[in-house]
1. Just want to confirm a number: the relative contact order over region 6-164, from Cα pairs under 8 angstrom separated by 6+ residues, in percent.
2. Compute the helix-to-body angle for 129-142: its Cα long axis versus the longest principal axis of the chain, expressed 0 to 90° and rounded to tens.
3. Counting Lys +1, Arg +1, Asp -1, Glu -1, what net charge surrounds Val177 among other residues with beta carbon under 14 Å of its beta carbon?
4. When a/c is below 1.5 the answer is rounded, else prolate if a/b is larger than b/c, else oblate, so apply that to region 79-120 with a ≥ b ≥ c taken from the square roots of the Cα gyration tensor eigenvalues.
5. Report the local net charge at Ser64: Lys and Arg +1, Asp and Glu -1, summed over other residues whose C-beta lies under 13 Å from its C-beta.
6. Go through region 75-172 and name the trypsin sites (Lys or Arg not before Pro) that are in a DSSP coil and have 10 or fewer other Cβ atoms within 10 Å of their Cβ.
7. Report the one residue of Leu101, Asn26, Gly129 whose Cα lies farthest in the direction of the positive end of the charge dipole of the chain (charges on C-beta: Lys and Arg +1, Asp and Glu -1; origin at the Cα centre).
8. Karplus couplings for region 150-159 from phi (6.51 cos²θ - 1.76 cosθ + 1.60, θ = phi - 60°), rounded to Hz, Gly and Pro as x?
Amino acid sequence: MAALPIYVYGNDVLKKKAKALKEISNETIQLIQDMFETMHSSNGIGLAANQVGVLEQVLVVDLSEMEEYKDTKPMAVINPEIIDEEGEWEMEEGCLSLPELRDIITRSEKVTIKYHDANLREQKIEATGMLGRVLQHEIDHLNGILITDHLSAAKRTLLRSKLKKISKGDFEQKYPVVLPKEEKPKKKK
Ligand code: NI
């Protein structure tokens, strides 16, 4: 197993939709193991494949460090789809791809999710609380959506300089990251 570097804000892969998996290859198993390793070594509670530069519908969640969820097994979730949602609640969220940025995000209180497990067996889960929130956050990633996309335009304007700093690597790097490639200056005609 190996911890992979995490793609941060400004990388296109975070804005793209991941593809559904039709089979679980050895590479997929390796990816899942590496994603758990990456998430644990960066102290995250969830991670989507986009964040390690892979456009496949795979996410991992592990809340077992939290007292309330200590009996909840770590999950690998493949091809997730939210089939029902209810209620609303606000909570401050962060994201490994947006270091040092936190904001209040409104999400559904309860979600019903259909997905495949690591054996590609179909599963269904009703998730509330932190589990429901993390699953919604990671499913967003697989659809190319970041927490900043949930904010108002005004709020995003306020965060502009912070986002610029992130994309330039101007933050305390507590885990290995991949920064977006600098755009080449346009040639003068
Ligand atoms: Ni995230």
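1. Here the relative contact order equals 25 percent.
2. For 129-142 against the chain, the angle is about 50 degrees.
3. Spelling it out: positives minus negatives among the neighbours equals +1.
4. Cα axes put region 79-120 in the oblate bin.
5. For residues surrounding Ser64, the net value is -3.
6. Numbers: sites: Arg102, Arg107, Lys110, Lys114, Arg121, Lys124, Arg133, Lys155, Arg156, Arg160, Lys162, Lys164, Lys165, Lys168; in loops: Arg102, Arg121, Lys168.
Loop-located and lightly packed - Arg121.
7. Leu101
8. Along region 150-159, the couplings run 8, 8, 5, 4, 4, 5, 5, 4, 4, 8 Hz.
All of the numbers you see were taken from the coordinates with simple rules; none came from a lab. Fair warning: this is a prediction, and the values are worked out from it, not measured in the lab. Backbone-built Cβ (ideal geometry, glycine too); neighbour counts: all protein chains shown.
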